[in-house]
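Each remark here refers to the structure printed beneath this line.
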Amino acid sequence: MSQTPIDSTGVSRGSLKSYLTGFVLALILTAIAFALVMSGSLSSPAALAGIFFAGIVQILVHLHYFLHLDTSSAARWNVLALVFTLLIMVLFVGGTLWIMSSLNYRMM
């Protein structure tokens, strides 16, 4: 009896259309951020807000089209691992900033 192997990792494969859509969206978002800086028509805070928004949207595009993270049940463990990674990163960065701020306050 031959049993077929079961892939329980939640890995999904994207199609060529999916990858091209993600690539085009990433290029457009990069061009938007580049145009905001190079045009010089916006104030500095407005340009920074635009770049931040384009960056957040680009992160979501990469997560969906290239890493295939979505709300399906097959990708649930991958999403859980991503959330845990983000939590650890927030703890590391937040803790580092807190320590550096405290050291700066105590040294002054």
*Check segment 78-96 and report whether any residue there is surrounded by 13 or more Cβ atoms within 10 Å (Cβ to Cβ) and touching a Gly at 6+ places or on another chain (Cβ under 7 Å).*
yes
*Subset tally (residues that are among the aliphatic types (A, V, I, L, M) and either under 12 Å from the mean Cα position of the chain (by Cα) or surrounded by fewer than 14 Cβ atoms within 10 Å (Cβ to Cβ) (or both)) for segment 65-77*: 2
*Only one of these is without any contact (Cβ under 8 Å) to a residue 60 or more places away in the chain, polar (S, T, N, Q) and assigned to a loop (DSSP other than H, G, I, E, B): T71, T96, T21. Name it.*
T71
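Just so you know, all these numbers are worked out from the coordinates, no wet-lab data involved. These numbers were taken from a predicted model, which means no experiment stands behind them. Quick reminder, even Gly has a Cβ in these numbers, built from the backbone with ideal geometry, and neighbours come from all protein chains shown.
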